[in-house]
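Presented below is the structure to which this report refers.
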Ligand SMILES: Cc1cc2nc3c(=O)[nH]c(=O)nc-3n(C[C@H](O)[C@H](O)[C@H](O)COP(=O)(O)O)c2cc1C
């Protein structure tokens, strides 16, 4: 109820202005979380995949809390995890505004942000002040726009070293369409030096580390990235980022529009990683209901993230998913989510 009133007002202003309002007032909003009817935490919602445990299987995707300023708020709403960032080494302004557009007829968003963020040092300070207790924090790292190809691997390794002490998991973002040339690092020959450079740091300080891919990759390239994840002992893949296959102009599209292509990408990733128990897939892209999540579990996936559906549905999205999940648990005579997900993964 509160969110639908809030949404009516928020959708009248520029999407980035509305977004910044939420982030900048998050410390006040955390005290008023009751207004947003948050999801109550319950132990049966816990899901463990590899080394990670989420208190709820749905997390907030990267790009929402770019500077790690609102983790407490999202935690209080019931998210099982927040992936902060994308954070870069130096602060950067990103692309000129406006750079987010709503496509309400298809529950989608278009963004051409270009990693505006305050840099890793400010994120570190914000993380020191955050309540990370009993919560799974992901940190998504990316290169600065003006970093040359030669310096890119070094920069990712630098960010891994600085941010790993705070994170439960890290994500190597090479799939955002708004940093010129970034997606070329999804090619095996260009991704390999980045992953190897990070692995030198991982020997010192080991944390689960994922690679985030776009839904626009061709199947052969997806297979190669999956092979690299296995060979170099990464934790798996986050699939997917936004698509550039649209007719709206610049930037990437997210939400309902990308559902089919994101799901197809995830299906292939699941197929490639299925035989290796060290590999996991975080599903993101067009996920807006429990039905989507169940489909992903049947493909072999586990944790999911949302961004666009959260904008359109608000905190009720988490409550609706929990309600459907509870019904499903009951119908299958199961006590907890771990059991349910394992059941679907084997189906
Ligand atoms: C406004 C906006 C900003 C985003 N910024 C980032 C980002 O900084 N890093 C990143 O890895 N993904 C970013 N994303 C992509 C999301 O994390 C997610 O992968 C994508 O939106 C698909 O999920 P969805 O359909 O649930 O929105 C952004 C998405 C949006 C809409």
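Miscellaneous remarks
- Some residue of the range 9-28 being modelled with pLDDT under 80 and touching a helix residue (DSSP H, G or I) at 6+ places or on another chain (Cβ under 7 Å): no
- Residue check for residue 147: crowded, with 21+ Cβ neighbours inside 10 Å and either on the phi > 0 side of the Ramachandran plot or not in a helix (DSSP H, G or I) (or both): no
- You will find that of 245, 345, the residue that is more than 26 Å from residue 12 (Cα to Cα), within 16 Å of the ligand (Cβ to nearest atom) and touching a residue at least 24 places away in the same chain (Cβ under 8 Å) is 245 and no other.
- Pairs, first within 19 Å of residue 144 (Cβ to Cβ) in the range 104-129, second loosely packed, with under 15 Cβ neighbours inside 10 Å, C-beta under 8 Å, six or more apart: 112/250; 116/93; 119/90
- Residue check for residue 323: without any contact (Cβ under 8 Å) to a residue 60 or more places away in the chain and under 30 Å from residue 9 (Cβ atoms): yes
- Test set (1) under 23 Å from residue 168 (Cα atoms); (2) within 16 Å of the ligand (Cβ to nearest atom); (3) in a loop (DSSP other than H, G, I, E, B) - residue 207 fails condition number: (2)
- Residue selected from the range 114-131 under the condition in a loop (DSSP other than H, G, I, E, B) and away from the ligand (no atom under 15 Å from the Cβ), by the criterion farthest from residue 177 (Cα to Cα): 131
- The single condition among (1) surrounded by 23 or more Cβ atoms within 10 Å (Cβ to Cβ); (2) touching a helix residue (DSSP H, G or I) at 6+ places or on another chain (Cβ under 6 Å); (3) modelled with pLDDT of 95 or more that residue 57 does not meet is (2).
- In this structure, residue 183 does not satisfy being part of a helix (DSSP H, G or I), touching a residue at least 12 places away in the same chain (Cβ under 8 Å), within 26 Å of residue 51 (Cα to Cα) and out of contact with any helix residue (DSSP H, G or I) (no Cβ under 6 Å at 6 or more places or on another chain).
- Flag for residue 265 being modelled with pLDDT of 95 or more, part of a helix (DSSP H, G or I) and under 21 Å from the mean Cα position of the chain (by Cα): yes
Residue-by-condition table, conditions (1) within 18 Å of residue 164 (Cβ to Cβ); (2) over 17 Å from the mean Cα position of the chain (by Cα):
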| residue | (1), (2) |
| --- | --- |
| 74 | no, no |
| 81 | yes, no |
| 88 | yes, no |
| 97 | no, yes |
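- Any hit, the range 312-332, residues being under 30 Å from residue 180 (Cα atoms) and within 11 Å of the ligand (Cβ to nearest atom): yes
- Identity of the residue in the range 156-171, assigned to a strand (DSSP E or B) and more than 10 Å from the ligand (Cβ to nearest atom), that ends up surrounded by the fewest Cβ atoms within 10 Å (Cβ to Cβ): 169
- Hits in the range 274-296 - residues which are more than 16 Å from the ligand (Cβ to nearest atom) and either part of a helix (DSSP H, G or I) or within 25 Å of residue 64 (Cα to Cα) (or both): 280, 294
- Extreme residue, nearest to residue 103 (Cα to Cα), among residues of the range 297-309 that are assigned to a helix (DSSP H, G or I) and in contact with a helix residue (DSSP H, G or I) (Cβ under 6 Å, 6 or more places away or on another chain): 309
- For the range 71-99, filtered to residues that are touching a helix residue (DSSP H, G or I) at 6+ places or on another chain (Cβ under 6 Å) and modelled with pLDDT of 95 or more, the residue that is nearest to residue 254 (Cα to Cα) is 82.
The values are calculated or read from the model by the stated rules, or taken from the named source; none is laboratory data. Everything quoted here is computed from the prediction, not taken from an experiment. No Cβ is skipped: glycine too gets one built from the backbone with ideal geometry, and neighbour counts run over all protein chains shown.
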